[in-house]
Amino acid sequence: MPGQFVHVAASEELTLRRPFSVAGVPRERSLDLLVELRGKGTRTLAEQAEGSSVSVMGPLGNWFSPPREGATAILVAGGIGVAGLRYLAEEFVHDGRPVLLLVGARTREGLLDGLMPRPNGGITLELSTDDGSTGTAGTVCELLASHLERVENPARVYACGPPAMLKEAAAVALRHGLPCEVLLEEIMACGTGACRGCVVNTKHGYKTVCSDGPVFDAAELLFEGGPYA
Amino acid sequence: MPGQFVHVAASEELTLRRPFSVAGVPRERSLDLLVELRGKGTRTLAEQAEGSSVSVMGPLGNWFSPPREGATAILVAGGIGVAGLRYLAEEFVHDGRPVLLLVGARTREGLLDGLMPRPNGGITLELSTDDGSTGTAGTVCELLASHLERVENPARVYACGPPAMLKEAAAVALRHGLPCEVLLEEIMACGTGACRGCVVNTKHGYKTVCSDGPVFDAAELLFEGGPYA
Amino acid sequence: MPDITTKITGLTLRNPVVLASGTVGYGPEYAELIDYETVGAIVTKTITREPREGNPPPRLAETHAGLLNAIGLENVGLRRFLSEKLPEAAELPTEIIASVAGGTPAEFCELAGAVGERDAVRAVEINISCPNVRRERRPVWDDPEGTAAVVTAARSATKKPLIVKLSPNTADILSVAEAAVGAGADALVVANTMPGMRIDLEKRLPALGNVTGGLSGHALMPINLALVWKVSAAVDVPVIGSGGIATAEDALEFLMAGATAVQVGTALFLDPGAPAAIVWGIREHMRMNGAETIDEYIGLAREEKQRCTEKIAAD
Amino acid sequence: MPDITTKITGLTLRNPVVLASGTVGYGPEYAELIDYETVGAIVTKTITREPREGNPPPRLAETHAGLLNAIGLENVGLRRFLSEKLPEAAELPTEIIASVAGGTPAEFCELAGAVGERDAVRAVEINISCPNVRRERRPVWDDPEGTAAVVTAARSATKKPLIVKLSPNTADILSVAEAAVGAGADALVVANTMPGMRIDLEKRLPALGNVTGGLSGHALMPINLALVWKVSAAVDVPVIGSGGIATAEDALEFLMAGATAVQVGTALFLDPGAPAAIVWGIREHMRMNGAETIDEYIGLAREEKQRCTEKIAAD
Ligand SMILES: Cc1cc2nc3c(=O)[nH]c(=O)nc-3n(C[C@H](O)[C@H](O)[C@H](O)COP(=O)(O)OP(=O)(O)OC[C@H]3O[C@@H](n4cnc5c(N)ncnc54)[C@H](O)[C@@H]3O)c2cc1C
Ligand SMILES: Cc1cc2nc3c(=O)[nH]c(=O)nc-3n(C[C@H](O)[C@H](O)[C@H](O)COP(=O)(O)OP(=O)(O)OC[C@H]3O[C@@H](n4cnc5c(N)ncnc54)[C@H](O)[C@@H]3O)c2cc1C
Ligand SMILES: Cc1cc2nc3c(=O)[nH]c(=O)nc-3n(C[C@H](O)[C@H](O)[C@H](O)COP(=O)(O)O)c2cc1C
Ligand SMILES: Cc1cc2nc3c(=O)[nH]c(=O)nc-3n(C[C@H](O)[C@H](O)[C@H](O)COP(=O)(O)O)c2cc1C
Ligand code: FES
Ligand code: FES
């Protein structure tokens, strides 16, 4: 389901698996991941020869809620956050729901062209870059704010990206009285809720990203403390 | 020089380099190593694509002494020990010295056919296997003993192989009043004599294999204690 | 077929591989990923009298060949453990060892008594060694008298096998081990995690919200192995090895050093199939070497060392 | 050009990268492989009053991301150190710190005095933390009073900067650190190796002739980093970090945790160029981040953590 993730044994030299959102399900028993190179795990994955196999656990975690019938789903991605929303966008489009997808990055290079959801009847894609090199100049949350001024029948905001961006997107959505679901990232060990390692702070105490999440209602989150401060 | 070794950074995941004897110098700035797969370091080396580069330190350590002019050098190798004597054999042959090379292994598979020194006028090669599957049946030290009964004008025994074999070879040589040089193996850290990690016990106290050795006069070694017990 | 069962005072395990406290939660969390029939026992997450929220995130950080965790003993507390978690765990096809931790001997007594009286609990493990909770200069895990007090209290409350989990963070584990055994411990786990930390260079902050956490995984193995060697020579109760065990070879090192069983924790995260693979590997090793019982491995390296020393002395 | 010099009470180093005792011998052994102009200082092999033979082989064993050594303080003894080794080391284009260890305070006094009076010796490091030598239950490195006695003795014998090298093998490093500083230490090295072991499964024997040895390398890093954080907050002398440092990132973690300089040991074995690469990397990091002096890094993570805590409290 869109929002779920898989837990990947990227390298035997590492102690932990690495979680990645399911970015698409091209066919049965097959899935797409969009992986940004960050450290050793993602680098090792990138170095794998085509056709080599890695151990994948999952899909794990919860998923995004559907929007109201007929209303527009507003998807907001910061950088690689598009990986967490791509499958959702495709599913909405497939179900015939109107989708507005906003993707932002610091510069043009941060926008992953070829990796956007397949353009299609129901989807409107808008880009922003902090430096204005592509799309609207400014943050994707500013883009979101300007769209929320005028979009007809908005259903819900779905956001994925860096902590500061999520906090801001949630604030913008709430200001417009819209519910907002965010996909969070935390370092994970077990991926099953067993180790209590991947918690985030919510109004109802610490919740695990791997089993209570990774999708959370932004209204439940305490963005203070931890990485979401 | 024959007997010297190089210290190879087999993998960045490992803490230590791995020492290997120089098994031949086919041309300037180039050397042959014969590597037996044992653990992670040798496996990683084996997995390297042709033409890839590894960091090599050396050549390090001391070298074998030349035999008396005209006398026969008797080289005794157990298994991969042939790697430590191959270059020596080639140099002796090159210098026109008579060489008797005895190579033993547990089974036929333990004998590294293609990797023996290039056959040549001056060299006599004899094999033994414990199970008799190739060459004389028995240990290479038994083979050595039988040769020492009849070889004319023997100069010195040069031995390389597992600890128990070295101890036995040294005993056989001494029984025939021949000097014996052995090439020892120890786990190494610095390779330069700095860390005092690779010692063996000798009549003059602990000596480092990396800088006092790896070649030792068998008469100096205390085969008691340590791996050479 | 080699006999792979092992005995921890009062408890026979079908094999020596136990899942370590805190890494499988209360058990059911991993039920889809681990075939519990393949493991000797599981130790449930350490519980405290009252529920605990645990530490602020981030709670995990990877290190070279290791993992730091600062969970801070988040747990549901004794009441919910008994009413909800234990009954669920009891359904799993393996033995349950319940882990408890208190702030005072009286709390240890109450906890050990309460979990020990449940049929589903085959043994009680008391955790005096969690580096994420206490912060005194001389913590109980480094203090033989404090340890004795806690173990005495727990011992008075239950007749079930009582296992005490020691910490590697002491210069004198022998005195602590002897105190625990003297106070009635039936077995010792050697050992828990070592305190450690990482700094996130991008954030310029400690990687853990709690600053420091417990180091587990491969990096820890040589440290805890040395402690197993030391402790198993000095006490006459079984020692359960823990620390970085991921393969059958790792487990065999612990057995040969003197452990009667081993606990596997961090290795589960990369491979939930690790415990089954370890059991398989031990059995294969026994088969290849003609060993008939696990006992033949326990402390083997000490016996061999002794033999070598005597041989050299005789020469 | 960022200023990469750092100050250890009474000693200014051209950069904060020091080569750790025991890993470069007396210095010349590595002269062909390390450009000593690139390092801040080297610490020579710990010497004792009398020459020591050291432990029986094998003395080394690799572990996951780590190394065990049980050299047993093999060294040439004070006399030959002064007559042969020190004059050779003095020729190297770097600062020499001499490391000494004794069995009693009187020996520490004699050793510190004898090496401290040599011009070539810029500072004296006293090693109270070698896990391969002493075997008491409460060793001096875990004993504030024993530490104070040793440091007081050494202090009385030399006016040169006196550096005390602590052990990670204690539950209470703060008391030991404070004792050392109270007795006159000018700086602390935090820390030496942790006791550890391995078993050679083929031989069914401990991999080390001495059974246990000191764990160094990457595996050790999180443990010693946590100790640097702890100690540097508590004492007002410079702390020199040691343990698994192999890259500039590792060194920066130690600096941000509170270290004033770092020691590099085990990393030399895989790459004798590591110290130079670390210095280069630190300088690059400074350039990229607009840092002008090393001081800006020292303890930076603590300051940032403080800032965050205050911010959350204020919200
Ligand atoms: C539910 C979920 C879904 C995710 N989906 C994707 C995805 O679709 N595509 C993608 O590229 N990445 C995704 N991530 C992030 C991804 O897991 C990390 O980038 C990856 O683990 C980094 O591994 P590494 O070994 O390359 O980096 P490391 O060397 O481990 O770390 C590099 C940096 O990344 C940070 N980091 C490491 N792990 C995580 C993590 N789990 N979450 C956040 N930050 C981390 C570290 O703190 C460090 O600063 C997701 C994370 C979660 C929790
Ligand atoms: C001077 C010298 C010359 C050598 N020449 C050769 C050679 O020409 N060809 C060759 O194949 N091997 C040679 N060796 C042995 C070689 O260094 C080891 O086989 C290698 O280091 C094993 O690395 P690994 O990572 O594969 O095994 P590991 O996983 O490190 O160990 C596997 C097994 O090998 C043993 N071992 C590891 N390192 C050494 C070592 N340095 N010496 C002896 N035993 C060790 C271990 O104790 C263990 O039992 C030489 C060793 C020395 C000291
Ligand atoms: C995430 C995590 C949580 C842990 N929680 C506990 C705990 O609650 N109680 C306990 O006694 N040990 C706990 N431990 C320690 C483990 O049980 C084990 O002793 C330690 O991790 C070393 O073994 P390992 O390297 O196999 O993980 C925890 C370890 C980890 C990694
Ligand atoms: C082979 C070896 C020998 C050592 N000898 C000494 C010594 O004589 N004196 C000492 O104070 N530390 C000694 N150490 C410890 C190192 O100086 C250093 O503190 C420790 O190895 C941790 O740092 P590292 O991980 O960078 O090696 C030795 C370490 C190794 C690996
Ligand atoms: S990763 Fe273990 S609870 Fe989420
Ligand atoms: S490997 Fe360091 S002295 Fe030989």
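Residue pairs whose Cβ atoms lie under 7 Å apart, separated by 6 or more positions or on different chains, with the first residue in the stretch D:218-229 and under 13 Å from D:Glu253 (Cα atoms) and within 7 Å of chain C (Cβ to nearest Cβ) and the second more than 16 Å from ligand 2 (Cβ to nearest atom) and in a helix (DSSP H, G or I), are D:Met221/D:Asp250; D:Leu225/D:Glu253; D:Leu225/D:Phe254; D:Leu225/D:Ala257; D:Trp229/D:Ala257. Within the stretch C:103-122, residues that are under 15 Å from C:Asp186 (Cβ atoms) have Cβ atoms under 6 Å from residues that are of a type in the set (Ser, Thr, Tyr) in these pairs: C:Ala112/C:Thr158; C:Gly116/C:Thr158, counting only partners at least 6 apart in sequence or on another chain. Every condition in (1) closer than 18 Å to C:Arg198 by Cα; (2) within 12 Å of ligand 4 (Cβ to nearest atom); (3) more than 10 Å from chain C (Cβ to nearest Cβ) holds for D:Ala259 except the one numbered (2). Just so you know, in the stretch B:186-218 the residues that are more than 13 Å from ligand 6 (Cβ to nearest atom) and part of a loop (DSSP other than H, G, I, E, B) include one that is farthest from the other protein chains (Cβ to nearest Cβ), and it is B:Lys203.
Checked against (1) more than 12 Å from every other protein chain (Cβ to nearest Cβ); (2) under 23 Å from the mean Cα position of the chain (by Cα); (3) more than 19 Å from A:Ala189 (Cβ to Cβ); (4) touching a residue at least 60 places away in the same chain (Cβ under 8 Å), C:Ile282 meets all criteria but (1).
Here is the figure for the stretch B:62-91: residues that are out of contact with any Leu (no Cβ under 9 Å at 6 or more places or on another chain) and farther than 16 Å from B:Val157 by Cβ total 5. Would you please name the residue that is nearest to ligand 2 (Cβ to nearest atom), looking only at residues in the stretch D:1-12 that are in a loop (DSSP other than H, G, I, E, B) and either touching a His at 6+ places or on another chain (Cβ under 8 Å) or aliphatic (A, V, I, L, M) (or both)? Filtering the stretch D:1-12 for residues that are in a loop (DSSP other than H, G, I, E, B) and either touching a His at 6+ places or on another chain (Cβ under 8 Å) or aliphatic (A, V, I, L, M) (or both), the one nearest to ligand 2 (Cβ to nearest atom) comes out as D:Ile4.
Look at (1) in a helix (DSSP H, G or I); (2) touching a Leu at 6+ places or on another chain (Cβ under 7 Å); (3) of a type in the set (A, V, I, L, M); (4) closer than 14 Å to C:Ala65 by Cβ and you find that C:Ala219 fails only one, number (2). Whether a residue is of a type outside the set (Gly, Ala, Ser), without any contact (Cβ under 8 Å) to a residue 24 or more places away in the chain and facing another protein chain (nearest Cβ under 8 Å) was assessed, and D:Glu84 does not pass this test.
Taking the stretch D:13-101 as the region of interest, the strands (runs of 3 or more DSSP E) fully inside it that hold 2 or more residues being at pLDDT 95 or above and more than 15 Å from ligand 6 (Cβ to nearest atom) are D:17-19, D:41-43, D:95-100.
None of B:Ser11, B:Ser55 is away from ligand 3 (no atom under 16 Å from the Cβ), within 13 Å of another protein chain (Cβ to nearest Cβ) and surrounded by fewer than 18 Cβ atoms within 10 Å (Cβ to Cβ) except B:Ser55. Within the stretch C:11-45, the set of residues being within 21 Å of A:Gly191 (Cβ to Cβ), more than 10 Å from chain A (Cβ to nearest Cβ) and in contact with an Asp or Glu (Cβ under 8 Å, 6 or more places away or on another chain) comprises C:Ser21, C:Ile42, C:Val43.
Among the residues of the stretch A:124-144, count how many are over 16 Å from A:Leu101 (Cβ atoms) and of a type in the set (A, V, I, L, M, F, W, C). Number of matching residues: 1.
Taking the stretch C:172-199 as the range and being within 9 Å of another protein chain (Cβ to nearest Cβ), touching a residue at least 24 places away in the same chain (Cβ under 8 Å) and of a type outside the set (S, T, N, Q) as the test, the residues that pass are C:Asp172, C:Leu174, C:Met194, C:Pro195, C:Gly196, C:Met197, C:Arg198.
The values are calculated or read from the model by the stated rules, or taken from the named source; none is laboratory data. Just so it is clear, the structure is predicted and the values come from calculations on it, not from any experiment. For neighbour counting, all protein chains shown are included, and Cβ atoms are generated from backbone atoms with ideal geometry for every residue, glycine included.
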